[in-house]
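Throughout, read-outs are computed from the coordinates displayed, never taken from laboratory work. In this text, all values refer to a predicted model and were calculated from it rather than measured experimentally. Cβ: placed from backbone, ideal geometry, glycine included. Neighbour counts: every protein chain shown.
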Amino acid sequence: MNKKSSLMSRLAGAPYIVWAALFIIVPLCMVAYYAFTDSNGVFTLNNLSDIGKYADTFILSIWLGLLATVICLVVAYPLAYIMAQKGPEKQSSMTMLIMLPMWMNFLLRTYSWMTILEDNGLLTTALNFIVDNINNLMGAELSPVHLINTRGAVVVGMVYNFLPYMILPIYTVMLKTDRSLVEAAQDLGGNKLDVFRNVTIPLSVPGIVSGFTMVFVPSVSTFYISQKLGGTGTILIGDIIETQFQTANNFHLGASLSFVLMILIFICLAVMNRFSDDDGGVII
């Protein structure tokens with residue numbers, strides 16, 4: 001029976017092994033090959049040395065990605081905490097509301113923000129109306145609000161698109177928290193703030209780390225959001241990589257840039273595994 005069960009387990013896992021080999025291992029090997037070879041297929045480190053030209057772009061990408069991730073954390077944590085305190089029916093409804101925008105195509109969601117943030121858009125028009133009234137009433141000389149094609153618009157797009165990936169991991173970990181630990185802290189005289197600071201937050205660290213990784217990595221490597229909301233003034237590393245593959249046809253430089261991002265992803269995953277316990281990770 002044990003041998004039969006072991007054989008069945010291997011057969012059940014075979015499709016995943018094939019899928020991982022075709023769509024994970026092989027692409028990674030191809031990226032590494034192009035990153036360390038020239039157009040003649042000869043080994044070279046020139047591609048990696050050329051990355052230094054894009055140091056400012058890397059820094060900007062990391063900065064905007066980190067800013068968007070921190071904003072997502074600030075917004076997501078209290079929302080996840082509130083969700084975890086609700087009953088099963090309300091939890092299901094709130095989860096559905098969070099996931100509902102994700103049913104729409106990513107490109108359409110981003111494109112809709114162009115309409116909202118453009119100079120004649122709903123949000124910009126409302127803000128300029130307020131600015132005009134302040135100028136008229138107080139004699140101020142505030143400049144008109146301009147939101148589209150700015151770094152702030154890019155951050156807004158990142159937060160909107162990736163916020164669910166921060167909420168759900170934190171919510172899932174909080175939902176699995178042993179309530180007896182909270183009750184024990186309360187029995188020992190801890191008030192709500194003490195319990196939250198000394199019990200809830202430490203126990204939710206795996207969800208925070210998981211959500212941080214799941215938001216930061218796509219934020220750093222995004223290119224469509226920066227193209228549509230940031231214009232030509234906000235060029236991120238994802239834009240450079242897309243240009244190398246789609247326009248410049250310099251696969252080797254594009255692969256070297258992708259290789260660096262891949263290393264960054266591995267570092268983030270290592271950090272996530274370091275801070276997550278056996279049940280800490282979350283699968284979405």
Checklist entry - Under a 5 Å amide H to amide H cut-off, with H placed in plane at 1.01 Å, what residues pair with T37 once short-range neighbours are removed? => result T44
Checklist entry - Could you give the distance between the Cα centres of the range 192-237 and the range 50-71, to the whole Å? => result 14
Checklist entry - What does the highest-first list of 92-103, 13-24 look like by mean Cβ count within 10 Å? => result 92-103, 13-24
Checklist entry - Toward the positive end of the charge dipole of the chain, about the Cα centre and with charges on Cβ (Lys, Arg +1; Asp, Glu -1), which of N120, S61, L73 goes farthest? => result L73
Item to check | Tally of Lys pairs whose C-alpha atoms are under 20 Å apart, taken over the chain, 8 or more apart or cross-chain | outcome: 4
Next on the checklist: Only helices at least 30 Å long along their own axis, judged from Cα atoms, and with Kyte-Doolittle mean hydropathy of 0.5 or greater: name those in the chain from DSSP H.
Outcome noted: 55-85, 251-275
Checklist outcome for this item: Per the helix-only model, the chain has a calculated mean residue ellipticity at 222 nm (DSSP H runs of ≥4, -39500 (n - 2.57) each, divided over all residues, rounded to the nearest 500) of -22000 deg cm²/dmol
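Per residue and in Å³, how big is the convex hull formed by the alpha-carbon atoms of the range 76-173?
134
Among 26-35, 48-57, how do they line up by average Cβ neighbours within 10 Å per residue, starting with the highest? Provide the component values of the computation, followed by the final result.
On the way: 26-35: 15.0, 48-57: 12.8.
With the highest mean Cβ count within 10 Å placed first, the list reads 26-35, 48-57.
Normalized C-alpha radius of gyration of the range 54-275, against 2.2 N^0.38 Å? Please list the in-between numbers first.
Numbers: Rg = 20.9 Å, N = 222, 2.2 N^0.38 = 17.1 Å.
In units of the 2.2 N^0.38 Å rule of thumb, it is 1.22.
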Next on the checklist: Using a 7 Å offset from the Cα along the Cα-to-Cβ direction at both L269 and Y33, what is the distance between the two label points in nm, to one decimal?
Outcome noted: 2.0
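Given contacts defined as C-alpha pairs under 8 Å and at least six residues apart, what's the relative contact order of the chain, whole-number percent? Before the final figure, lay out each step's value.
On the way: 308 pairs, mean separation 77.6, N = 284.
It comes to 27 percent, rounded to a whole number.
Arranged from highest to lowest average of other beta-carbon atoms within 10 Å per residue, in what order do the peptides 185-192, 207-214, 108-115 appear? Before the final figure, lay out the partial values.
Details: 185-192: 11.8, 207-214: 25.0, 108-115: 15.0.
Those peptides, ordered most packed to least, come out 207-214, 108-115, 185-192.
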